[in-house]
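Some notes on the structure that comes next.
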Amino acid sequence: MRLTRYAIDIAPLGELSDPRAIMRLAHAAERSGWDGLSIWDSLGLSMGTSAADPLVTLAAVAAQTERLRLITSIVAVARRRPQLVVQAAACLDLISDGRLILGVGAGEDRPDFEAFGETHDRSVRIARMDEGLEIIDAGLRGRELDHTGEYLVAIGAVLGPRPVQRPRPPMWLGALRPEGVRKAARWDGWIAVAMSEDGGSMSMSPADLAGQVSIALDERETLGIVGEPFDVAVLGVAGLDGARVADFSEAGATWWLESLSPMRGSVDELEAVVLAGPPRSEG
C-alpha cells in the first residue's frame, strides 16, 4: 500500500460549525488539487460549542463540487439510528454521483451521549456499533434486514434509495486499539487518528502505524480477503512534530487526512492552508 490521496479533515466546531465556512474550504480544496474532504460527527458539547452535521454538510459540498471524495470521519453509529444512516448515506452517494466514503465508529465524546440520557459505557457503545454496522451494511446493499440483537432490531425492511456505488459505498472503521484495528480489517478501510486529543502534537509514529497495519493485514489474510482493496487513512498535520507524510506512506497509509480545526486558526488561515495544496512533495 502506498499513499496516493489527500483530503482535508474538518472539525466542524466553533467558527467551522457554519456549513458555509466548510463549503468555502471545499471550493478551495477542489481548486487546489486535494482529493477529498472529511468531516467529524460531533455535537460539540465536549468543547462547549456547536457543530455542523456531517451528512447534511457533505450533501451541500457534493452539490457544489465535482471531484472531491466525501468522507465521514466518523459517523458515530452508537448514537445514530442505523436505518437513518443508510437512508442519508444512500442519498449522499446519489447526490455526489458515487463519491461517498462512509467512515464509521462507536463515537467517543461523552457529553454527546450523557446529555441525552444515553450511556457512554464503552462495551455498550461497541456493541451498539457492531449491531448498527451489520444493519448499515445490509441496508446499503439493498438486502432485506434480518437483525435481532441485544440493542437493535431490524426485521423485514428493505431500505432505499440504492446508492450509486455497488455493492455499497466503501466503509472505513475508525479505531485506535488493536482489537478495533482487527474489526476495521473486516471492512474497506481503517481511519487512524495520529494526533493528540488537543491537536497540538502527533501521538502516533510511522512505526506505530506500521505495526497496526500489520495487525490489519494479518486479520484480512485470516479472513481470506487479502486481495481486496483496503485503505488506511491517517489523520494528522503534515510537519507537526516533524511528521513526514512520506514516512506514513511507507508505513502503509493510502490516504492522508490533513486536520483543520478552529484550534489551528481562523477560517481565513485554514483556507490559506488548503490553497497551498496537499503535501505531495512529502509523499
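The values are calculated or read from the model by the stated rules, or taken from the named source; none is laboratory data. Only a predicted model underlies this, so the values are computations on that prediction, with no experimental measurement involved. All Cβ positions, even for glycine, are placed from backbone atoms using ideal geometry, and neighbour counts span all protein chains on display. To get the accessible areas, we keep the full protein, side chains included, count just its heavy atoms, and leave off ligands, DNA and RNA. Shrake-Rupley method; radii C 1.70, N 1.55, O 1.52, S 1.80 Å.
Considering the chain as a Gaussian network with a 10 Å cut-off on Cα pairs, which listed residue, PRO12, PRO178, PRO54, attains the greatest mean-square fluctuation? Between PRO12, PRO178, PRO54, it is PRO178 that shows the largest mean-square fluctuation. The listed residues ASP9, ASP109, ASP241, once ranked by accessible area (1.4 Å probe) with the largest placed first, stand as ASP241, ASP109, ASP9.
Any idea what the dipole of the chain comes to, in debye rounded to 20, about its Cα centre with Lys/Arg Cβ at +1 and Asp/Glu Cβ at -1? Write out the running numbers ahead of the final one.
Working: 28 positive and 41 negative charges, 138 e Å.
Here the chain has a charge dipole of around 660 debye.
How about the stretch 207-280: which trypsin sites (Lys or Arg not before Pro) there lie in a loop by DSSP and see at most 16 other Cβ atoms within 10 Å?
Working: sites: ARG220, ARG244, ARG264, ARG280; in loops: ARG244.
Here the trypsin sites (Lys or Arg not before Pro) that fit, given the DSSP loop and packing criteria, are ARG244.
Computed on protein heavy atoms with a 1.4 Å probe, the accessible areas place THR4, THR222 in the order THR222, THR4, largest first. In plain terms, if you count all Cα to Cα distances in the stretch 181-283 and split them into 5 Å steps from zero, the share in each step is 2, 13, 22, 21, 18, 12, 7, 4, 1, 0 percent. Each Lys and Arg contributes +1 and each Asp and Glu -1, all at the Cβ; summed about the Cα centre of the stretch 243-283, the dipole is approximately 80 debye.
In this simple spin-label model, placing a label point 7 Å from the Cα along the Cα-to-Cβ direction at both ILE126 and VAL56 gives a separation of 3.3 nm.
Only sites in a loop by DSSP and with at most 13 other Cβ atoms within 10 Å count here; which GluC sites (Glu not before Pro) in the stretch 50-118 make the cut? Sparse-neighbourhood loop GluC sites (Glu not before Pro): GLU66. For the stretch 41-174, taking the reciprocal of the average inverse distance between every pair of different Cα atoms yields a Kirkwood hydrodynamic radius of 15.2 Å. As a fraction of the 1.4 Å probe accessible area of the chain, surface on carbon and sulfur atoms comes out at 50 percent. Here's the picture: a label point sits 7 Å out from the Cα of HIS27 along the beta-carbon direction, and within the stretch 55-99 the residues with their amide nitrogen under 12 Å of it are 64-65. Taking label positions 7 Å along the Cα-Cβ direction at both SER46 and ILE155, the computed distance is 3.6 nm, reported to one decimal. Summed over the residues of the chain and divided among them, the accessible surface reaches 43 Å² per residue at a probe radius of 1.4 Å.
Counting heavy atoms of the protein chains alone, ILE126 has an accessible area of about 40 Å² for a 1.4 Å probe.
Mind putting a number on the dipole of the stretch 85-180 about its Cα centre? Charges go on the C-beta only, +1 for Lys and Arg and -1 for Asp and Glu, and I need it in Debye to the nearest 20.
Values: 11 positive and 16 negative charges, 89 e Å.
With only Lys, Arg, Asp and Glu charged at Cβ, the dipole is about 420 debye.
When shorter helices are ignored and each DSSP H run of at least 4 residues is given -39500 (n - 2.57), the per-residue value for the chain at 222 nm works out to -11000 deg cm²/dmol.
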